[in-house]
Amino acid sequence: MSLEGKTAVITGSNSGIGLGIARELAKVGANVVLNSFTDRDEDHALAEEISKDTAVSAKYIKADMSKGEECRALVEKAGVCDILVNNAGIQNVDPIEKFPVEKWDAIIAINLNSAFHTTAAALPMMRDAGWGRVINIASAHGLTASPYKSAYVAAKHGVIGMTKVVALETAEEPITANAICPGYVLTPLVEAQIPDTMKEYGMDRETVIREVMLARQPSKDFATVEQLGGTCAFLCSDSAAQITGTTISVDGGWTAL
Ligand code: NAD
């Protein structure tokens, strides 16, 4: 499969899953636009590294996904958007009565509203190009809930609902919209939580991973950013042309429980 000639815009892609997706899409020939809200040399260096490794065109565009106009500007600045991957996301864990209002607002803005704005900006480009893929990175928490994650669970369920609407609005066109629902993925963000959790529970690394982090993941193994990138590449392939308005879980069996 080749995505040569297609351009993918991946929000929140200077680390973790977004960066993994960008690398995998570049490997199969897509030009990629990386994004986050920072504008550091190392952000631009990531794009240069992908470009060097794969010979695709890669660039980094700063845009804050908590701001609607910047979400739309990201797509406009990209100039082309055949594949839109809405991946930017943040988390906060607190009981609902203590959940900070500003955290609620930021999670809904970054994890849900940004996908509305980028999709609205990207669909006309996909229609002009006669082909498009909208891929929303939701979560197992888009299909199930956990205590203390009210905003995250609400945003991820919302993103799946919006995915279905986009799929229906584009159903007769060569455009698809789907959501990927990862379980636990070993990103730098998750890796950084391991030492504190080891201290908190008095457990070694392996026990923390197996008994605490992967307690709800029957495979007892993390999903990888490469697997998520591969799932995105599959959704961009001709084999997936009739897959629209649905979710693909990459969660080691979490949602089968
Ligand atoms: P991460 O923290 O490594 O990546 C999040 C990305 O979003 C980063 O690139 C960050 O810079 C970016 N971002 C944050 N705020 C932003 C803003 N205001 N504007 C632009 N970019 C912003 O985390 P990750 O684990 O790679 O998560 C990526 C996505 O995958 C998120 O939507 C997350 O909810 C989802 N997810 C992660 C897991 C997991 O276990 N890691 C599981 C399920 C779903």
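Based on this model, can you work out whether residue 244 counts as touching a residue at least 40 places away in the same chain (Cβ under 8 Å), of a type in the set (S, T, N, Q) and in contact with a helix residue (DSSP H, G or I) (Cβ under 6 Å, 6 or more places away or on another chain)? Answer is yes for this residue.
Restricted to the range 185-257, the set of helices (runs of 4 or more DSSP H) holding at least 1 residues that are surrounded by 18 or more Cβ atoms within 10 Å (Cβ to Cβ) comprises 225-236. Within the range 157-168, residues that are closer than 20 Å to residue 182 by Cα have Cβ atoms under 6 Å from residues that are among the aliphatic types (A, V, I, L, M) and part of a helix (DSSP H, G or I) in these pairs: 158/112; 159/112; 159/115, counting only partners at least 6 apart in sequence or on another chain.
Taking the range 68-183 as the region of interest, the helices (runs of 4 or more DSSP H) fully inside it that hold 1 or more residues being under 17 Å from the mean Cα position of the chain (by Cα), within 26 Å of residue 5 (Cα to Cα) and within 14 Å of the ligand (Cβ to nearest atom) are 68-78, 114-129, 150-169. In the range 56-98, which residue that is in contact with a Lys or Arg (Cβ under 6 Å, 6 or more places away or on another chain) and modelled with pLDDT of 95 or more is nearest to residue 229 (Cα to Cα)? Top of the filtered list is 83. All of 227, 193 fail the test of being over 13 Å from the mean Cα position of the chain (by Cα) and either within 16 Å of the ligand (Cβ to nearest atom) or without any contact (Cβ under 8 Å) to a residue 24 or more places away in the chain (or both), apart from 193. May I ask you to verify whether residue 12 is in contact with a helix residue (DSSP H, G or I) (Cβ under 6 Å, 6 or more places away or on another chain), of a type outside the set (S, T, N, Q) and outside any helix (DSSP H, G or I)? Yes; evaluated as a whole, the condition is true for this residue.
The values are calculated or read from the model by the stated rules, or taken from the named source; none is laboratory data. It should be emphasised that the depicted structure is a prediction, and the values quoted were computed from it without experimental measurement. Ideal geometry is used to build each Cβ from the backbone, glycine not excepted, and the neighbour counts take in all protein chains shown.
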